[in-house]
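Heads up: the structure comes next, in structure tokens.
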Amino acid sequence: MQELKLRLVGKKILVWLTFEKEVEVETKEGNYISIDVNENNVTLSIFEGFKLKELRRYETGLGRIVVNYSLRRKKITKGNSTKDELVKKKLSRLREKERKIDVLRKSVKRITDLARSLNGKVIVGKFSLRAKENMEGDKNARLRHRIHQWSVIKFTELLKAQPIDVEELSEAYTSSINPFDGEKLKKRRQVVEKIVKVFNPYLMTGTAHEGGGIKIFKVNARYLESGKAMLERDSIAPLNLAKKVDGRVVVFPSTSPNELRVTVYDTLRGVPVAELKARKSYATGKHYVRESFR
């Protein structure tokens, strides 16, 4: 037994008993799933037989959840003491932690199922006290750092509790190196950043199917230019993490600097909703961005 938890609910005491069980996990050489936890998504590079099979991105929206709850708390407490009974009651109804953990658990379940189907080793970036690079600049830096800190630590904790092989690896320089040629990326050489609004039947509710409403899924697409290549920003770190743990992995033929493709998934439903593409035009020699919807 690992730990005992007690909780007082009214006149009753609830008891949780947590047990640990050792599980033997087999992994197949060359099969890796490397993960980078970002403010609003979890991005994966999936390798099979040392070759990149897919770049996958699960939209978690954790950053937006934290910011929205922060605004709600500010509105509730404005001009009022936190000791006020009505204020305390309103604050107690906020379920920020439960909502964030629910999103992370669903993300972990998707990754666990994927790792077990491939018999793959999971590589996750080890959290550093240094603030995460390339986060959105329109939010308070301290708040954004706290979002990333909590997300990575909790995500890794949940992931390591699963029956899969997990290795933590330093994230140092994984976001500043081009995974295709090993050259250092130039900071702030960002070319495209936009919000992609996706209309997708996978995300429609029962009412929407009957014509009573439309479900829109928003994706923040961000790209960096590096010499002759254009890279989707959140995909750089997981590609470099995999190359760090095993130099034999190859980022071809699934994607290339001339055509970088990232499949975006809805975390809650586990379905693909869009494919982000950065392509090079052979006619002009310039890159352009396109989003195709499934």
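The values are calculated or read from the model by the stated rules, or taken from the named source; none is laboratory data. Quick caveat, the model's predicted, so the values are computed rather than measured. Positions of Cβ are backbone-derived with ideal geometry, glycine not excepted, and every protein chain shown enters the neighbour counts. Protein only, heavy atoms only, side chains kept; ligands, DNA and RNA dropped before computing areas. Shrake-Rupley method; radii C 1.70, N 1.55, O 1.52, S 1.80 Å.
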**OP:** Could you compute the FRET efficiency for Ile101 and Ser170, with r as their C-beta to C-beta distance and R0 at 25 Å, rounded to 0.05?
**Re:** 0.45
Subject >> Compactness relative to 2.2 N^0.38 Å, alpha carbon Rg of region 1-125 >> reply: 1.49
Original post:
Can you put Val25, Val166, Val262 in order of accessible area, largest first, using a 1.4 Å probe?
Top reply: Val25, Val166, Val262
Original post:
Which order, highest average first, do 27-39, 82-94, 48-60, 66-78 follow once you tally other Cβ atoms within 10 Å for each residue and take the mean per peptide?
Top reply: 27-39, 48-60, 66-78, 82-94
Subject >> Cross-link reach list, aspartates and glutamates versus Lys5, counting only Cα pairs under 19 Å and skipping chain neighbours closer than eight places >> reply: Glu20, Glu98, Glu157
Original post:
Near Arg105, within a Cβ-to-Cβ distance under 14 Å, what is the net charge of the other residues, with Lys and Arg +1 and Asp and Glu -1?
Top reply: +4
Original post:
Hey, which of these cross-link pairs are over 28 Å Cα-Cα: Lys11/Lys75; Lys89/Lys218; Lys12/Lys89; Lys75/Lys109; Lys154/Lys218; Lys83/Lys218?
Top reply: Lys11/Lys75; Lys89/Lys218; Lys75/Lys109; Lys83/Lys218
**OP:** Count charges around Ala242 for me, please; just the other residues with Cβ under 12 Å from its Cβ, Lys/Arg as +1, Asp/Glu as -1.
**Re:** +2
**OP:** Report the local net charge at Thr156: Lys and Arg +1, Asp and Glu -1, summed over other residues whose C-beta lies under 9 Å from its C-beta.
**Re:** +1
**OP:** Could you tell me the accessible area of Asp181 in Å² (1.4 Å probe, neighbours in place), rounded to the nearest ten?
**Re:** 90 Å²
Original post:
Hey, with R₀ at 45 Å, roughly what FRET efficiency would Leu6 and Asp113 work out to, going by the Cβ-Cβ distance, to 0.05?
Top reply: 0.85
